[in-house]
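Inspection log for the structure reproduced underneath, given as structure tokens.
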Amino acid sequence: MATGIDIGSNSLRVAKIDCKSLELIGEYEKVVRTAEEIEASGIIGQEALQRIVAALQEAEQKVGFDDSLKAVATAAFRMAKNAKEAIEYIKEHSGIAVEIIDEAQESYYSAKGVEYGLKRHGIDSQKFLLFDIGGGSTEVIVKHRNELIFQSFPIGILTTIQKYRTKEQIVFGIRKELGQVREFLNDIYETFGKPKILVGTGGTPSTVAALKLGMVYETYDARRVSGTRISQEDVQKAYRQLILLDPSERARLVGVGREDAIIAGLVILEEILRISGYKEMIVSDEGVREGVALDLCEHQDNSK
């Protein structure tokens, strides 16, 4: 068994994998809003740290942690001025050591987890373009045979709503910031060709897929969501559905803690589909947490 923990800028996610069968035997997810204060103060706040510790304790009860465990932290911790103190606090109050990983490691784990998910759904995983939309950053990754080409952009759903206040500001700001993503994609297409498959991982594409399948947060089924194809029309439909709701009703559909950030996420997602030139995106619920667990499994095999 191997357990991967991904402490993201918005959510904390856990995956437990049987290393012999490579079956996912336990999973956990909680919105912890790690990056809630990053844009304003440059730190991970005390309330966010308490939410992280509480989520780790709940995850241990539900999933069960064993010796083969690795916890990683991503963009919010990379940006935070108090990152060292934050991981010390988590270790002291949960007993779990957290490793802050760089963009290259995050891209590696994300692609590994997504490739695992695509294979489980019988989808060709030799070459794909992947957008990992997080709370504090968006990773753009191309898997070309055994090679990974990636770049991390400081565009996340939480940091966006902290930076821009109105819908008009969010749309204008995201379009401006995603200009650098467009340039990166043009270089990729010129060098490697345009991959046939566009994949999206993260809470926003997963939410669009869930709404398309008629799910709300309480009935969310990751196995059904993964492999679902969503179009720009599906994103626009989700936006129209959610923007009209009051925050409490929106939270019922997308989960408490996501009700404000999801709107920014949908704007980012729609713009990504537009600038990347794809008609649809395959959604993968799998990502960094699965990648970490699978990497642990491989190290177990190599140590025998």
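The values are calculated or read from the model by the stated rules, or taken from the named source; none is laboratory data. Keep in mind that this is a model prediction, so the values were computed, not measured. Note that we place each Cβ from the backbone using ideal geometry, even for glycine, and neighbour counts take in every protein chain shown.
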I want to confirm something. Restricting to the stretch 237-260 and keeping residues that are loosely packed, with under 15 Cβ neighbours inside 10 Å and in a helix (DSSP H, G or I), which single residue is nearest to the chain's Cα centre (by Cα)? R252
Of all residues in the stretch 274-299, how many are closer than 29 Å to G193 by Cβ, assigned to a helix (DSSP H, G or I) and in contact (Cβ under 8 Å) with a residue 60 or more places away in the chain? 7
Are any residues in the stretch 55-81 under 16 Å from G8 (Cα atoms) and either assigned to a loop (DSSP other than H, G, I, E, B) or free of Cβ contacts under 8 Å to residues at least 12 places away in the same chain (or both), and if so, which ones? T74, A80
Of the residues in the stretch 17-76 that are farther than 30 Å from R120 by Cβ and among the acidic types (D, E), the one that is nearest to the chain's Cα centre (by Cα) is E36
Among the residues that make up the stretch 153-172, is at least one of them under 19 Å from the mean Cα position of the chain (by Cα) and either assigned to a strand (DSSP E or B) or in the same structural domain as G8 (by TED's automatic domain parsing) (or both)? yes
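Out of the residues in the stretch 25-54 meeting the condition of being among the hydrophobic types (A, V, I, L, M, F, W, C) and part of a loop (DSSP other than H, G, I, E, B), tell me which one is surrounded by the fewest Cβ atoms within 10 Å (Cβ to Cβ). Even if it seems obvious, please write down each step before you answer.
From the stretch 25-54, those among the hydrophobic types (A, V, I, L, M, F, W, C) are 25, 31-32, 35, 38, 40, 43-44, 48-49, 52-54; that's our starting set.
This time we only want the ones that are part of a loop (DSSP other than H, G, I, E, B), so: 32, 35, 43-44.
On the way: V32: 27, A35: 29, I43: 18, I44: 30.
Top of the filtered list is I43.
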Answer yes or no: is there a residue in the stretch 212-224 that is touching a Leu at 6+ places or on another chain (Cβ under 8 Å) and in a helix (DSSP H, G or I). yes
From the options V63, V72, residue that is surrounded by fewer than 20 Cβ atoms within 10 Å (Cβ to Cβ), under 19 Å from E286 (Cα atoms) and not assigned by TED's automatic domain parsing to the domain that holds I230: V63
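Can you tell me which residues in the stretch 207-218 are buried (at least 24 other Cβ atoms within 10 Å of the Cβ) and either out of contact with any strand residue (DSSP E or B) (no Cβ under 6 Å at 6 or more places or on another chain) or farther than 22 Å from S9 by Cα (or both)? Reasoning before the result, please.
Keep residues of the stretch 207-218 that are buried (at least 24 other Cβ atoms within 10 Å of the Cβ), which gives 207-210.
Within the stretch 207-218, T207, A210 meet the criteria.
Looking at I170, I157 in this structure, which one is surrounded by fewer than 21 Cβ atoms within 10 Å (Cβ to Cβ), among the hydrophobic types (A, V, I, L, M, F, W, C) and touching a residue at least 24 places away in the same chain (Cβ under 8 Å)? Steps first, please.
Values: I157 fails: surrounded by fewer than 21 Cβ atoms within 10 Å (Cβ to Cβ).
The match here is I170.
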Looking only at the stretch 107-148, count every residue that is touching a residue at least 60 places away in the same chain (Cβ under 8 Å), of a type in the set (D, E, K, R) and buried (at least 19 other Cβ atoms within 10 Å of the Cβ) and tell me the total. 2
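Which of the residues belonging to the stretch 85-138 are over 14 Å from S284 (Cα atoms) and either part of a strand (DSSP E or B) or charged (D, E, K, R) (or both)? Show your work before the answer.
We begin by selecting, within the stretch 85-138, every residue over 14 Å from S284 (Cα atoms); these are 85-108, 126-127, 135-138.
E85, E88, K91, E92, V98, E99, I100, D102, E103, E106, K127, T138 - these are the residues of the stretch 85-138 that are over 14 Å from S284 (Cα atoms) and either part of a strand (DSSP E or B) or charged (D, E, K, R) (or both).
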